[in-house]
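Chemist: Take this structure first; my questions come after.
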Amino acid sequence: QVQLVESGGGSVQAGGSLRLSCAASGRTFMSREMAWFRQAPGKEREFVAGTVWIGSSGYRGYQTDSVKGRFTVSRSDAKNTLYLQMDSLKSEDTAVYYCAARLGRSDSGRPSYSVDEYDYWGQGTQVSVSS
(Lines give C-alpha, C1' and ligand atoms only; values in the text may rest on other atoms or scores of the structure.)
Protein backbone atom coordinates (compact mmCIF):
# COMPACT_ATOMS: atom_id res chain seq x y z
CA GLN A 1 0.00 0.00 0.00
CA VAL A 2 1.44 3.33 -1.09
CA GLN A 3 1.47 6.10 1.49
CA LEU A 4 2.67 9.68 1.44
CA VAL A 5 3.02 11.22 4.87
CA GLU A 6 3.67 14.94 5.29
CA SER A 7 5.21 16.54 8.34
CA GLY A 8 6.72 19.85 9.39
CA GLY A 9 3.70 22.11 9.25
CA GLY A 10 2.88 24.56 12.01
CA SER A 11 2.24 28.17 12.94
CA VAL A 12 4.81 30.89 12.33
CA GLN A 13 4.95 34.64 12.07
CA ALA A 14 5.38 36.38 8.75
CA GLY A 15 8.99 36.30 7.67
CA GLY A 16 9.61 32.97 9.35
CA SER A 17 10.55 29.60 7.90
CA LEU A 18 9.28 26.05 7.87
CA ARG A 19 10.52 22.86 6.24
CA LEU A 20 7.98 20.33 5.09
CA SER A 21 8.81 16.69 4.50
CA CYS A 22 6.90 14.03 2.62
CA ALA A 23 7.93 10.45 3.28
CA ALA A 24 6.79 7.88 0.73
CA SER A 25 6.36 4.21 1.49
CA GLY A 26 5.01 1.21 -0.36
CA ARG A 27 6.96 1.89 -3.55
CA THR A 28 9.83 3.98 -4.78
CA PHE A 29 9.21 7.14 -6.75
CA MET A 30 12.73 7.35 -8.11
CA SER A 31 12.69 9.31 -11.40
CA ARG A 32 8.96 9.99 -10.97
CA GLU A 33 7.39 13.39 -10.52
CA MET A 34 6.62 14.52 -7.02
CA ALA A 35 5.12 17.84 -6.07
CA TRP A 36 3.67 20.05 -3.39
CA PHE A 37 0.21 21.54 -3.68
CA ARG A 38 -1.68 23.74 -1.25
CA GLN A 39 -5.28 24.57 -0.58
CA ALA A 40 -6.45 27.64 1.30
CA PRO A 41 -9.99 27.87 2.72
CA GLY A 42 -12.51 28.48 -0.04
CA LYS A 43 -9.94 28.08 -2.79
CA GLU A 44 -8.97 25.34 -5.19
CA ARG A 45 -5.93 23.20 -4.64
CA GLU A 46 -2.96 24.75 -6.46
CA PHE A 47 0.52 23.67 -7.49
CA VAL A 48 3.32 25.11 -5.38
CA ALA A 49 6.52 23.29 -6.37
CA GLY A 50 7.63 20.05 -7.94
CA THR A 51 10.51 18.05 -9.37
CA VAL A 52 11.14 16.31 -12.66
CA TRP A 53 13.77 13.76 -13.56
CA ILE A 54 16.37 15.13 -15.97
CA GLY A 55 18.49 12.02 -16.28
CA SER A 56 22.01 11.59 -15.02
CA SER A 57 21.93 15.06 -13.46
CA GLY A 58 19.09 14.03 -11.22
CA TYR A 59 16.10 16.28 -10.69
CA ARG A 60 15.15 19.83 -11.52
CA GLY A 61 12.89 21.80 -9.26
CA TYR A 62 10.16 24.21 -10.29
CA GLN A 63 8.13 26.65 -8.20
CA THR A 64 5.03 28.63 -9.00
CA ASP A 65 5.65 32.35 -9.48
CA SER A 66 4.14 33.38 -6.14
CA VAL A 67 6.76 31.43 -4.19
CA LYS A 68 9.84 31.79 -6.39
CA GLY A 69 12.82 33.02 -4.45
CA ARG A 70 11.19 31.99 -1.16
CA PHE A 71 10.44 28.25 -1.46
CA THR A 72 12.85 25.52 -2.52
CA VAL A 73 11.83 21.97 -3.42
CA SER A 74 14.23 19.07 -3.13
CA ARG A 75 14.15 15.31 -2.70
CA SER A 76 16.17 12.34 -1.53
CA ASP A 77 15.76 9.08 -3.41
CA ALA A 78 17.73 7.30 -0.71
CA LYS A 79 15.07 8.33 1.79
CA ASN A 80 12.17 8.30 -0.70
CA THR A 81 11.34 11.75 0.65
CA LEU A 82 10.33 15.09 -0.85
CA TYR A 83 11.06 18.37 0.92
CA LEU A 84 9.84 21.94 0.75
CA GLN A 85 11.92 24.64 2.40
CA MET A 86 9.73 27.68 2.93
CA ASP A 87 11.40 30.98 3.82
CA SER A 88 10.11 34.53 4.11
CA LEU A 89 6.63 33.20 4.72
CA LYS A 90 3.67 35.48 4.13
CA SER A 91 0.13 35.37 5.47
CA GLU A 92 -1.08 34.40 2.01
CA ASP A 93 0.95 31.19 2.27
CA THR A 94 -1.49 29.94 4.90
CA ALA A 95 -3.02 26.71 3.63
CA VAL A 96 -3.04 22.95 3.94
CA TYR A 97 -0.02 21.65 2.06
CA TYR A 98 -0.26 18.33 0.25
CA CYS A 99 2.40 16.06 -1.17
CA ALA A 100 1.62 14.29 -4.43
CA ALA A 101 3.29 11.76 -6.69
CA ARG A 102 2.56 10.46 -10.13
CA LEU A 103 3.67 7.45 -12.14
CA GLY A 104 3.51 9.24 -15.48
CA ARG A 105 6.02 11.68 -16.86
CA SER A 106 5.42 15.04 -18.48
CA ASP A 107 6.62 15.50 -22.03
CA SER A 108 7.24 19.18 -21.36
CA GLY A 109 10.16 18.66 -19.02
CA ARG A 110 8.24 20.42 -16.27
CA PRO A 111 6.15 18.90 -13.51
CA SER A 112 2.43 18.76 -14.09
CA TYR A 113 0.47 21.56 -12.44
CA SER A 114 -2.79 19.62 -12.61
CA VAL A 115 -4.16 17.81 -9.57
CA ASP A 116 -5.77 15.29 -11.92
CA GLU A 117 -2.38 14.06 -13.14
CA TYR A 118 -1.22 12.83 -9.74
CA ASP A 119 -1.89 9.29 -8.58
CA TYR A 120 -1.04 9.48 -4.90
CA TRP A 121 -1.69 12.11 -2.24
CA GLY A 122 -0.76 12.66 1.36
CA GLN A 123 -3.21 13.67 4.05
CA GLY A 124 -1.95 17.25 4.22
CA THR A 125 -0.23 19.40 6.81
CA GLN A 126 -1.44 22.79 7.99
CA VAL A 127 0.76 25.85 7.58
CA SER A 128 -0.48 29.01 9.29
CA VAL A 129 1.35 32.31 8.91
CA SER A 130 0.34 35.26 11.06
CA SER A 131 1.14 38.83 10.13
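The values are calculated or read from the model by the stated rules, or taken from the named source; none is laboratory data. Fair warning: this is a prediction, and the values are worked out from it, not measured in the lab. Every residue, glycine as well, gets a Cβ built from its backbone with ideal geometry; the counts of neighbours run over all protein chains shown. Only protein heavy atoms, including side chains, enter the accessible area calculation; ligands, DNA and RNA are left aside. Shrake-Rupley method; radii C 1.70, N 1.55, O 1.52, S 1.80 Å.
Chemist: Being in contact (Cβ under 8 Å) with a residue 12 or more places away in the chain, in a loop (DSSP other than H, G, I, E, B) and surrounded by 16 or more Cβ atoms within 10 Å (Cβ to Cβ) narrows it down to one of Arg75, Arg32, so name that one.
Modeler: Arg32
Chemist: Among the residues of the range 4-26, is there at least one that is touching a Pro at 6+ places or on another chain (Cβ under 9 Å), of a type outside the set (A, V, I, L, M, F, W, C) and not in a loop (DSSP other than H, G, I, E, B)?
Modeler: Looking through the range 4-26, none of the residues is touching a Pro at 6+ places or on another chain (Cβ under 9 Å), of a type outside the set (A, V, I, L, M, F, W, C) and not in a loop (DSSP other than H, G, I, E, B).
Chemist: Given the condition without any contact (Cβ under 8 Å) to a residue 60 or more places away in the chain and crowded, with 16+ Cβ neighbours inside 10 Å, answer yes or no: does some residue in the range 97-111 qualify?
Modeler: no
Chemist: Further question on the same structure: Within the set of pairs 6+ apart or on separate chains, which have a first residue in the range 52-72 that is of a type outside the set (Ser, Thr, Tyr), a second that is assigned to a helix (DSSP H, G or I), and C-beta atoms under 8 Å apart?
Modeler: Val67/Asp93
Chemist: Within the range 47-68, is even one residue modelled with pLDDT of 95 or more, closer than 18 Å to Arg27 by Cα, in contact with a helix residue (DSSP H, G or I) (Cβ under 8 Å, 6 or more places away or on another chain) and not acidic (Asp, Glu)?
Modeler: Scanning the range 47-68, I find no residue that is modelled with pLDDT of 95 or more, closer than 18 Å to Arg27 by Cα, in contact with a helix residue (DSSP H, G or I) (Cβ under 8 Å, 6 or more places away or on another chain) and not acidic (Asp, Glu), so the answer is no.
Chemist: Residues that are open to solvent by less than 10 Å² (accessible area, probe 1.4 Å), among the small types (Gly, Ala, Ser) and outside any loop (DSSP other than H, G, I, E, B): does the range 88-96 have at least one?
Modeler: Within the range 88-96 (the criterion being open to solvent by less than 10 Å² (accessible area, probe 1.4 Å), among the small types (Gly, Ala, Ser) and outside any loop (DSSP other than H, G, I, E, B)), the answer is yes, since at least one residue qualifies.
Chemist: Of Val48, Val12, which residue is within 18 Å of Cys99 (Cβ to Cβ) and open to solvent by less than 40 Å² (accessible area, probe 1.4 Å)?
Modeler: Val48
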